[in-house]
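Each remark here refers to the structure printed beneath this line.
The values are calculated or read from the model by the stated rules, or taken from the named source; none is laboratory data. All figures in this text were calculated on a predicted structure; none of them were measured in a lab. Neighbour counts are summed over all protein chains in view; Cβ atoms, including those assigned to glycine, are modelled from backbone coordinates with ideal geometry. The protein model used for the area step is the full one, side chains on, heavy atoms only, and it has no ligands, DNA or RNA in it. Shrake-Rupley method; radii C 1.70, N 1.55, O 1.52, S 1.80 Å.
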Amino acid sequence: MRWSQYFLYTLREDPADADVISHKLMMRAGMLRKVAAGIYTYLPLGLRSVKKTEGIVREEMNRAGAVELLMPTIQPGELWMESGRWKLYGRELLRIKDRSDRDFVYAPTAEEVITDTVRDSVNSYRQLPINLYQIQTKFRDELRPRFGLMRGREFTMKDSYSFHVSMESLAETYEKMRAAYSRVFTRCALDHVAVEADTGNIGGSASHEFMVLAQSGEDAVVSCPNCKYGANIEKATSKFFSDEPEPAPMTELAPLHTPGTQSIDDVGRFLKKKTSELVKTLVFDSDLGCVMVLVRGDREGNLIKIKNYLGAEWLEMLPDSRFQDETGGPVGYCGPVGTRAKRVLADVSLKPRKNWIVGGNKPDTHLGGANPGRDFAQPEYGDFTTVFAGDPCPRCGTALEIYRGIEVGHVFKLGTKYSESMHCTYLDEAGQRQLMIMGCYGLGIGRTVAAAVEQSHDDAGIIWPIPIAPFEVVITQVGREDNVRTTAEEVYSKLLDAGIDVLLDDRDERPGVKFKDADLIGFPLRIAVGAKSLANGQIEWSWRKDRVKQLGAPAEVIERVVREVTSTRAHSSS
RNA sequence: CGGGGUGUAGCGCAGCCUGGUAGCGCACCUGCUUUGGGAGCAGGGGGUCGGAGGUUCAAAUCCUCUCGCCCCGACCA
């Protein structure tokens, strides 16, 4: 491609509405254009990286035995009513009506349509397992789209759905998909980790998220530097509770006068105790009613874990205004002794402990020496807190580390959630009707591209890894002399012949502009053809990542660059 | 949906408080010079100041409403 004939315009300044690196750089590099909040045009350059990423995903899916199809983005509301998600999905589900007032959705995911498709065509265990995927535009009407491609409303996702006769068969495909995802991200040169995750609204029994480690990531990942343990912070557990002291003899329940101490820090300071020695009382509202949760004073409650334990549809902090009514105690002085709360949960870290210091359910009053089973009913124990950095790994005890990450893929064992609601069945060997067991596997294409930029850039711009670079090589034509032009053209056509993705910068621009643009866009390799070095019969080439210039005769440079590109390709897909 | 901010040329911004001919930088066009890291000079084109209503002799500027966008929070395949 010749730049002079291409549609590629860079920006000198960061766009005002971009605030993460990948968004800024992709806008400045002329890859993206915002059309509305969370809705973007992929400009020609951006589309090239997206298509290359899709190509890698497609290869790995096919290699893993998945079969590609393409489902509609606009889907009948009926199917969503049948699965029950018409009601369950909130306002992120974009609902539209056609001219005759029929309900449709702009699909955020395609479990309904795929299940509908499979139940029509598959009747026998002989046809299973099957794994179908598509790479399709999705729409999720996010409350707050941001970060460019990392959290758009319209986005491109690869989604696969597998159907099985047994959990064993599902587990097999699940592992294949996990392996395929790892290969995809490795080929995109992404430093990633697969972690245990919560299944969220999709439901199901097991789930792993693929996280790309990056400062700008929206998720936190807990990882063990020693063993392979890794989990989303929502799900992660630790063995930290084992450091509790030996049980002490029970003391008397005694009121403590603690005026003006609403927060746990206040109470600790007032009573001269460490916050870890206190018990923090949290109160949540949910579809199952109000719940009191007791945790160690220095710990944070984990909404996801609590919600999952309860089996609740939704769970949120109880507003201050309802505290008195629901618990019988004022905000800041709430506790389990004599509470009105019907259900009291306690984190396992409190189980070995005696003589708790808790809120007294009266203004300015806490209680010391409170003991479960004596002063209040035994709470339900469980893991209800969020892991902190430094907590011991649940498997090997090593201090856990916490990183920020971008979720680029998510695999789920769905089970029979959709096959049940949508009657997706087959006949087994005995002629018995059985529900198909399902898995689903999502991979964000745009996010993967954005994550690559987040992980690979410098002050001058993007540094593309070769497999997803919009062009592998840029030829910067420096100057307008005849020999410069003809040499650049020769190099260009030879690289094209060698099957290299190459862009010839033949624009009538000053050299500085061309070099800055090449660095900003981040072509992995650059060849510069200019009068100075050409006087010695040489041209120059360099890697974007180190920008070290190397000189050589045109034939040598071409040979070398072709070798570098093709070997990187071969290496990354092996 | 709560809190905060912002909307002026393709992009980045000033002007608004204190009403009176709409400006700057980049980009764009013309000419000359320049040409290995975002050139210089000269000339030029482009904006119903997000929209509607109001106050006023006069509104980008003041008031009311509305819409878009951004940030923080809650939420999230």
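Pick out, from region A:228-320, the strands (runs of 3 or more DSSP E) lying fully within it that include 2 or more residues that are farther than 16 Å from A:Gly335 by Cβ and open to solvent by less than 10 Å² (accessible area, probe 1.4 Å). Reasoning before the result, please.
Details: elements: A:230-232, A:254-257, A:279-286, A:291-296, A:315-317.
Ranges flagged: A:230-232.
Name every residue in region A:17-39 that is farther than 22 Å from A:Ser456 by Cα and open to solvent by 20 Å² or more (accessible area, probe 1.4 Å), in order of residue number. Steps first, please.
Of the residues in region A:17-39, the ones farther than 22 Å from A:Ser456 by Cα are A:34-39.
Hits for region A:17-39 are A:Lys34, A:Val35, A:Ala36, A:Ala37, A:Ile39.
Hey, can you tell me all the residues within region A:403-424 that are in contact with a Phe, Trp or Tyr (Cβ under 8 Å, 6 or more places away or on another chain) and either open to solvent by 60 Å² or more (accessible area, probe 1.4 Å) or assigned to a loop (DSSP other than H, G, I, E, B) (or both)?
A:Cys424 - this is the single residue of region A:403-424 that is in contact with a Phe, Trp or Tyr (Cβ under 8 Å, 6 or more places away or on another chain) and either open to solvent by 60 Å² or more (accessible area, probe 1.4 Å) or assigned to a loop (DSSP other than H, G, I, E, B) (or both).
So which residues in region A:515-541 are within 8 Å of RNA strand B (Cβ to nearest atom), under 23 Å from A:His457 (Cβ atoms) and open to solvent by less than 10 Å² (accessible area, probe 1.4 Å)?
Matches in region A:515-541: A:Ala518, A:Leu520, A:Ala528.
For the structure I just gave you, tell me whether A:Leu43 is surrounded by 14 or more Cβ atoms within 10 Å (Cβ to Cβ), modelled with pLDDT under 95 and within 13 Å of RNA strand B (Cβ to nearest atom).
On the way: surrounded by 14 or more Cβ atoms within 10 Å (Cβ to Cβ): yes; modelled with pLDDT under 95: yes; within 13 Å of RNA strand B (Cβ to nearest atom): yes.
Yes: the conditions hold for A:Leu43.
Looking at the structure I just gave you, is A:Ser162 farther than 19 Å from A:Met27 by Cβ, touching a Pro at 6+ places or on another chain (Cβ under 9 Å) and either of a type in the set (A, V, I, L, M, F, W, C) or modelled with pLDDT of 90 or more (or both)?
Spelling it out, A:Ser162 is indeed farther than 19 Å from A:Met27 by Cβ, touching a Pro at 6+ places or on another chain (Cβ under 9 Å) and either of a type in the set (A, V, I, L, M, F, W, C) or modelled with pLDDT of 90 or more (or both).
Give the residue that is farthest from the chain's Cα centre (by Cα), with candidates limited to residues of region A:542-551 that are in contact (Cβ under 8 Å) with a residue 24 or more places away in the chain and open to solvent by 20 Å² or more (accessible area, probe 1.4 Å).
A:Arg547
So which strands (runs of 3 or more DSSP E) are wholly in region A:425-490 and hold at least 1 residues that are aliphatic (A, V, I, L, M) and either closer than 22 Å to A:Gln134 by Cβ or within 13 Å of RNA strand B (Cβ to nearest atom) (or both)? Spell out how you get there, then give the answer.
Details: elements: A:425-427, A:433-435, A:437-444, A:473-478.
Answer list for region A:425-490: A:437-444, A:473-478.
Tell me which residues, restricted to region A:38-92, are touching a Ser or Thr at 6+ places or on another chain (Cβ under 7 Å), more than 30 Å from A:Ser4 (Cα to Cα) and assigned to a helix (DSSP H, G or I).
Those that are touching a Ser or Thr at 6+ places or on another chain (Cβ under 7 Å), more than 30 Å from A:Ser4 (Cα to Cα) and assigned to a helix (DSSP H, G or I): A:Met61, A:Glu82, A:Ser83.
Determine which single condition A:Lys158 fails, assuming it passes every other condition in (1) in a strand (DSSP E or B); (2) over 16 Å from the mean Cα position of the chain (by Cα).
Of the numbered conditions (1) in a strand (DSSP E or B); (2) over 16 Å from the mean Cα position of the chain (by Cα), the odd one out for A:Lys158 is (2).
Since A:Ala341 meets every condition but one in (1) of a type in the set (A, V, I, L, M, F, W, C); (2) more than 16 Å from RNA strand B (Cβ to nearest atom); (3) in contact (Cβ under 8 Å) with a residue 60 or more places away in the chain, which condition does it not meet?
(3)
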